[in-house]
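Working notes, structure below.
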Amino acid sequence: MKVTVKIQRFNPEQDSAPYWKEYSIDAEPTDRVLDGLLHIKNTIDGTLTIRSSCAHGICGSDAMRINGVNRLACKSLFKDVGTTVTVEPIAGLPVIKDLVVDMEPFMEHYRAVLPFFINDDPAPQTERLQSHEDHQRFDESTKCILCACCTTSCPSFWANEDYLGPAAIVQAHRFIFDSRDHGTAQRLEILSDPDGVWRCRTIFNCTDACPREIKVTQVIGEVKKEILYSKL
Amino acid sequence: MQYHYHKHDVIIVGAGGAGLTAALYAGKEVDTAVISKLYPTRSHTGAAQGGIGASLANLEKDTWQWHAYDTIKGSDFLGDQDAIEFMCKDAPSVVYELEHMGLPFDRTPEGKISQRRFGGHTNNETKQPVLRACNAADRTGHMILQTLYQQCIKHNVNFYDEYQMLDLIMVDGECRGVVAYEIDTGDLHVFHAKAVMLATGGWGRVWNITSNALTLTGDGAAVVLRHNLPLEDMEFFQFHPTGLFKLGILITEAVRGEGGVLINKDGERFMPKYAPTVKELASRDVVSRAIYLEVMDGKGIDGKDYVYLDITPDTVNKYFEIDDSRQPNGELRHIDSDYVRAKLEDITDFCKTYVGVDPTKEPIPVQPTAHYAMGGIPTDIDTRVRANESKKDVVTGLYAAGECACVSVHGGNRLGTNSLLDIVVFGRRGGKVMAQEVKEMDFQPIDADAAAAKVQAELDGILNSTGEETLAVLQQEMKTVMSKDVGVFRVEEGMAEAVAKIRELRQRFKNIHIDDKGKRFNTNLLEAWQLGCLLDLALVTAESALARKESRGAHARDDYKERDDENWMKHTMAYMDADGKVTLKYMPVAVTTHKPVKRVY
């Protein structure tokens, strides 16, 4: 089928501002938007610049705004997004070139929540035991691939770049609710900051955007509740 | 000549499981930095699904010796037995260590690390599949990658994210650094180091249908080859039996470990014909060949080149009964849809997203997919890169670990779960060894200007080339010929054609043009450079394969159907000179206890 892909282009060495360019290509309904973009790059214009790697929704490289919604280009099929598709960079992070944004502010927020296991007790000879139920408590948030679809779909993040954002909170949740971890107090302190969880206005864009189907808004809600309970 | 200069005791190239583990260990003791062309969490370790092998015996009896023998047998007796024993013995301790780093493994009812069945892993007494693959649902690699990266953040490891390594700095046969390209700015960076570890992953992008990421272009292995150093056993490349039809996306062996069966167009479960004891859980080379033979026999679904992988509970439970397949507690095995969804969460998602199939209700269309390089940069157990086939000489300052390396623990065919094990075991070993060695060393002099100028000239060659050839065409022609002639089954004539074709493509590569001539985020330029790597690796793969006149592991020849231990139980060491002339030499296999026997599953 014929597909029209309208892409926001920007080359920092040539352009003063982003502009839109349309490409008409042949695609199968089951082709990924990523396939379409790579086809354009391979056969029409090699300067088209995107990040991509695994091409099946696991590495998180190719987050972009497709028809106004944050998605991974490799998990979006033309049969689902239609024959006229607009593609632009995820919002709220500086654009480097075409669909590539500067991920550093996002990674900085991620690093701020102590996204690592904290337990200074001497480790046992074998594994630390954990019940299936305790594991289930945080299992969902371990699926996060740091693609930034959630954070860059969040109006609160667009309004205030200091807001830690949904992804960082999901990463914190992964440890806060891990029965083996001892860093909860420190993390809750960080997250109760004015730029922490309270900037979340439960708009649910993050949940809609997550390609891993993490219930992000609910996860943030659990962290909010934990902060409140910890202060009682 | 403008470039940036950096100095670190240890430079690690690649931020997958091997690179990050090495960085953690080296970084605790000496100044260590990781260079990666991707953000670390984008590395392909994250795509590994089913599990990491270790004889924890959490659910039933198991020993590291069984694990070692299974690995040796899986390797078709080409793996070095001393290295395999080291890895399997070390396995429980690295898995516990990952757990202590917080890795969220699935749990047994007692709260221990959960383990599942996987191809080629057996109880050596009963010959039946054993519960050995430690898993976090079907995203074990994702959890390993995330956990290691988290620990690197905790321990303040230095990262140079989105830097493409383009060359090693070799002086008097020693490695003293690397030259890298900062993707965002197009600037060159010279990294002066006492030790360099390559952990750059595989090169599945040589083939058409592959489970590998677009970025798996074998950069580290190709750069080593260009320094007149050998690559080992390049003819052994694994085709995973179950890639999603047309897309090649990995459908984990854990589907079969959990009871999934392979079905042809007649509805026949065909694996018992090929592997009567363990059936679908034979080693991957055996299962891939079985699928290929079914297709050749006209038994592919709809007359096409794929079969069904069936994990629907009704089918699976039926075969559990027929096979009398039991849990360790003696109960008959039984699964339901919820179990499938929980244990194979990502697989369920992939099938729904890409082929519109709910695997709890319908079978999954699968075909073999290029998956894993058993061969690569030859190293000893300490991850030191071998300088030649002497087994004594190593390249001072150069180390390699993970898929790009060949220790060789996988020999002719890797067992599932052993790649995740390999990266953590040898990443840890390499990190420790490098830390120890650099403490007793000074930085040796380099000519940074010359090193940067050499790389700049190489890039300028691509940027200024105005020929007619395009990357897309050359890449497709390479993939087509390699898939046709150096795939699951091989014959003399086809491989000879492939060698000639790849030589032609290497010539035409000199005549390419690219559209993007800019400095900022020029992925067009890097793709061209990476295609050059793939072409070099394709050439030595085809040449190494053509020379090996036997069938062993993943190297299956129609014209030499049997394994020939007398003449070919040896490692290929392939060298390539500047003109692309390939010279093959050979190195003995390390045999400790297990003499080769015929492989039967």
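For every helix of n ≥ 4 consecutive DSSP H residues, a contribution of -39,500 (n - 2.57) applies; sum these over chain A, divide by its total residues, and give [θ] at 222 nm rounded to the nearest 500 deg cm²/dmol.
Values: 9 runs with 77 residues, N = 232.
The helix contribution divided over chain A gives -9000 deg cm²/dmol.
For region B:387-492, rounded, prolate or oblate, judged on the Cα gyration tensor with a ≥ b ≥ c (square roots of eigenvalues), a/c < 1.5 rounded, else prolate if a/b > b/c? Intermediate values should be presented prior to the final figure.
Working: a/c = 2.53, a/b = 1.14, b/c = 2.22.
Verdict is oblate for region B:387-492.
Can you compute the charge dipole magnitude of region A:106-232 about its Cα centre, using +1 on each Lys and Arg Cβ and -1 on each Asp and Glu Cβ, nothing else charged? Give it in debye, rounded to the nearest 20.
Values: 14 positive and 19 negative charges, 54 e Å.
Roughly 260 debye for region A:106-232.
Give me the percent relative contact order of chain B, please, defined on Cα pairs under 8 angstrom at least 6 residues apart.
22 percent
At 37 °C and 0.692 mPa s, grab the translational diffusion coefficient of chain B from Stokes-Einstein with a Kirkwood Rh over Cα pairs, rounded to a whole number in µm² per second. Walk me through the numbers on the way to the answer.
On the way: Rh = 24.1 Å.
Rounded, D is 136 µm²/s.
Specify the angular offset, from 0 to 90 degrees and rounded to the nearest 10, of the alpha carbon long axis of helix B:492-509 from the longest principal axis of the alpha carbons in chain B.
40 degrees
If you filter region A:143-232 for trypsin sites (Lys or Arg not before Pro), then keep DSSP loop positions with at most 12 other Cβ within 10 Å, what is left?
On the way: sites: A:LYS143, A:ARG174, A:ARG180, A:ARG187, A:ARG199, A:ARG201, A:ARG212, A:LYS215, A:LYS224, A:LYS225, A:LYS231; in loops: A:ARG180, A:ARG201, A:ARG212, A:LYS215.
Hits after loop and neighbour filter: A:ARG201.
Are any of the pairs B:LYS343/B:LYS432; A:LYS97/A:LYS215; B:LYS454/B:LYS517; A:LYS2/B:LYS517; B:LYS112/B:LYS361 more than 24 Å apart by Cα-Cα distance, and if so, which? Display every interim value, and only then the final one.
Details: B:LYS343/B:LYS432 35 Å; A:LYS97/A:LYS215 31 Å; B:LYS454/B:LYS517 19 Å; A:LYS2/B:LYS517 30 Å; B:LYS112/B:LYS361 31 Å.
From the list (B:LYS343/B:LYS432; A:LYS97/A:LYS215; B:LYS454/B:LYS517; A:LYS2/B:LYS517; B:LYS112/B:LYS361), the Cα-Cα distance tops 24 Å for B:LYS343/B:LYS432; A:LYS97/A:LYS215; A:LYS2/B:LYS517; B:LYS112/B:LYS361.
May I ask you to list the GluC sites (Glu not before Pro) in region A:53-136 that are in a DSSP loop and have at most 15 other Cβ atoms within 10 Å of their Cβ? Let's see the in-between values first.
Numbers: sites: A:GLU108, A:GLU127, A:GLU133; in loops: A:GLU127.
Passing both the DSSP loop test and the Cβ count: no residue.
Rounded, prolate or oblate: pick one for the protein assembly as shown, where a ≥ b ≥ c are the square roots of the eigenvalues of its C-alpha gyration tensor, a/c under 1.5 means rounded, and failing that, prolate if a/b is larger than b/c, else oblate. Write down the numbers at each step before the final one.
Numbers: a/c = 1.24, a/b = 1.05, b/c = 1.18.
Here the protein assembly as shown falls in the rounded category.
Quick check on chain B: helices-only [θ] at 222 nm, where DSSP H runs of length 4 and up contribute -39,500 (n - 2.57) each and the sum goes over total residues. Nearest 500, please.
Working: 17 runs with 216 residues, N = 601.
Per the formula, -11500 deg cm²/dmol.
Once you keep just the Cα pairs under 8 angstrom separated by 6 or more residues, what percentage relative contact order results for region A:2-101?
Details: 190 pairs, mean separation 34.6, N = 100.
Normalised by residue count, the contact order of region A:2-101 is 35 percent.
Considering Cα pairs under 8 angstrom that are at least six residues apart, work out the relative contact order of chain A and quote it in whole percent. All intermediate terms of the calculation are to be shown ahead of the outcome.
Numbers: 398 pairs, mean separation 41.7, N = 232.
Relative contact order of chain A: 18 percent.
If R₀ is 56 angstrom, what is the calculated FRET efficiency for the pair B:GLN2 and B:TYR586, using the beta carbon separation as r and rounding to 0.05? Show your work: numbers first, answer last.
Details: r = 45 Å, r/R0 = 0.80.
Between B:GLN2 and B:TYR586 the formula returns 0.80.
B:LYS392 to A:GLU161: FRET efficiency via 1/(1 + (r/R0)^6), r the Cβ-Cβ distance, R0 45 Å, to the nearest 0.05?
Numbers: r = 57 Å, r/R0 = 1.27.
After rounding to 0.05, the efficiency reads 0.20.
Within region B:585-601, find all residues whose amide N lies under 19 Å from a label point positioned 7 Å from the Cα of B:ASN124 along Cα-to-beta-carbon.
Answer for this model: B:590-601.
What whole-number distance in Å separates the alpha-carbon centres of region B:1-76 and region B:523-601?
Measuring centre to centre over Cα atoms gives 24 Å.
Which percent of Cα-Cα pairs in region A:104-230 sits in each 5 Å bin, short to long?
2, 12, 22, 24, 20, 11, 6, 3, 1, 0
Kindly identify chain A as rounded, prolate or oblate by the Cα gyration tensor criterion: order the square roots of the eigenvalues as a ≥ b ≥ c, call it rounded if a/c is under 1.5, otherwise compare a/b with b/c, prolate if a/b is larger, else oblate. Working shown, then result.
On the way: a/c = 2.42, a/b = 1.94, b/c = 1.25.
Here chain A falls in the prolate category.
Please determine, in degrees from 0 to 90 and to the nearest 10, the orientation of helix B:140-154 with respect to the longest principal axis defined by the Cα atoms of chain B, where the helix direction is its Cα long axis.
For helix B:140-154, the angle is close to 40 degrees.
Any idea what angle helix B:345-355 forms with the longest principal axis of chain B, computed on alpha-carbon atoms, 0 to 90 degrees, nearest 10?
Compared with the principal axis, the helix lies near 80 degrees.
Of all the C-alpha pairs in region B:234-349, what % are more than 21 Å from each other?
Details: 2547 of 6670 pairs.
Summing the P(r) of region B:234-349 above 21 Å gives 38 percent of all pairs.
Round to a whole angstrom and tell me the spacing of the C-alpha centers of region B:311-325 and region B:103-131.
The distance from the Cα centre of region B:311-325 to that of region B:103-131 comes to 19 Å.
Which of B:LYS73/B:LYS246; B:LYS37/B:LYS352; B:LYS318/B:LYS352; B:LYS37/B:LYS484; B:LYS549/B:LYS570; B:LYS194/B:LYS439 have a Cα-Cα distance over 20 Å?
Values: B:LYS73/B:LYS246 31 Å; B:LYS37/B:LYS352 31 Å; B:LYS318/B:LYS352 24 Å; B:LYS37/B:LYS484 30 Å; B:LYS549/B:LYS570 12 Å; B:LYS194/B:LYS439 9 Å.
Checking Cα-Cα distances, B:LYS73/B:LYS246; B:LYS37/B:LYS352; B:LYS318/B:LYS352; B:LYS37/B:LYS484 exceed 20 Å.
Taking DSSP loops as anything outside H, G, I, E and B, show the longest stretch in chain B free of GluC sites (Glu not before Pro) there with at most 16 other beta carbons within 10 Å. Intermediate results must be reported in sequence, preceding the final value.
Working: sites that count: B:GLU29, B:GLU60, B:GLU110, B:GLU125, B:GLU268, B:GLU331, B:GLU440, B:GLU468, B:GLU562.
The segment B:126-267 is the longest one with no such site.
Just to be sure I understand the model, the point goes 7 Å from the Cα along the line to the Cβ. What's the resulting B:ALA450 to A:THR184 distance in nm?
Roughly 6.1 nm, to one decimal.
Report the gain in length on full extension from B:VAL600 to B:HIS155: 0.36 nm times residue separation, minus Cα-Cα distance, nm rounded to one decimal.
Working: separation 445, 0.36 × 445 = 160.20 nm, distance 4.68 nm.
Once the chain is fully extended between B:VAL600 and B:HIS155, it gains 155.5 nm.
Put +1 on the Cβ of every Lys and Arg and -1 on every Asp and Glu Cβ in the protein assembly as shown; which of B:ASN158, B:LEU525, B:ASN418 then has its Cα farthest towards the positive end of the dipole?
The Cα lying farthest towards the positive end belongs to B:ASN418.
Evaluate the charge dipole of region B:230-295 about its Cα centre and quote only its size in Debye, nearest 20, assuming +1 on the Cβ of each Lys and Arg and -1 on the Cβ of each Asp and Glu.
Working: 8 positive and 10 negative charges, 62 e Å.
Dipole of region B:230-295, to the nearest 20 debye: 300 debye.
Please give the length that would be gained between A:THR84 and A:GLU13 if that part of the chain were fully extended, namely 0.36 nm times their separation in residues minus their C-alpha to C-alpha distance (nm, one decimal). Intermediate results must be reported in sequence, preceding the final value.
Details: separation 71, 0.36 × 71 = 25.56 nm, distance 2.88 nm.
Computed gain between A:THR84 and A:GLU13 is 22.7 nm.
Which loop-located chymotrypsin sites (Phe, Trp or Tyr not before Pro) does region A:177-232 contain, where loop means any DSSP state but H, G, I, E or B and the Cβ has at most 16 other Cβ atoms within 10 Å? Let's see the in-between values first.
Details: sites: A:PHE177, A:TRP198, A:PHE204, A:TYR229; in loops: A:PHE177, A:PHE204.
Here the sparse-neighbourhood loop sites are A:PHE204.
Rounded to the nearest 20 Debye, what is the dipole magnitude of the protein assembly as shown about its Cα centre when Lys and Arg each give +1 and Asp and Glu each give -1 at the C-beta? List each step's numbers first, then the result.
Working: 95 positive and 120 negative charges, 168 e Å.
In debye, rounded to 20, the protein assembly as shown gives about 800.
If Lys and Arg each add +1 and Asp and Glu each add -1, what is the summed charge of the other residues whose beta carbon sits under 15 Å from the beta carbon of B:HIS513? Mind dumping the intermediate values first?
Working: positive: A:LYS41, B:ARG508, B:LYS510, B:LYS517; negative: A:ASP45, B:ASP460, B:GLU468, B:GLU469, B:ASP515, B:ASP516, B:GLU527.
Once positives and negatives cancel, what remains is -3.
Rule-based calculations on the coordinates, nothing more; no lab input. Worth saying up front: this structure is predicted, and the values here are computed from it rather than measured. Neighbour counts run over all protein chains shown; Cβ positions are idealised from the backbone, glycine included.
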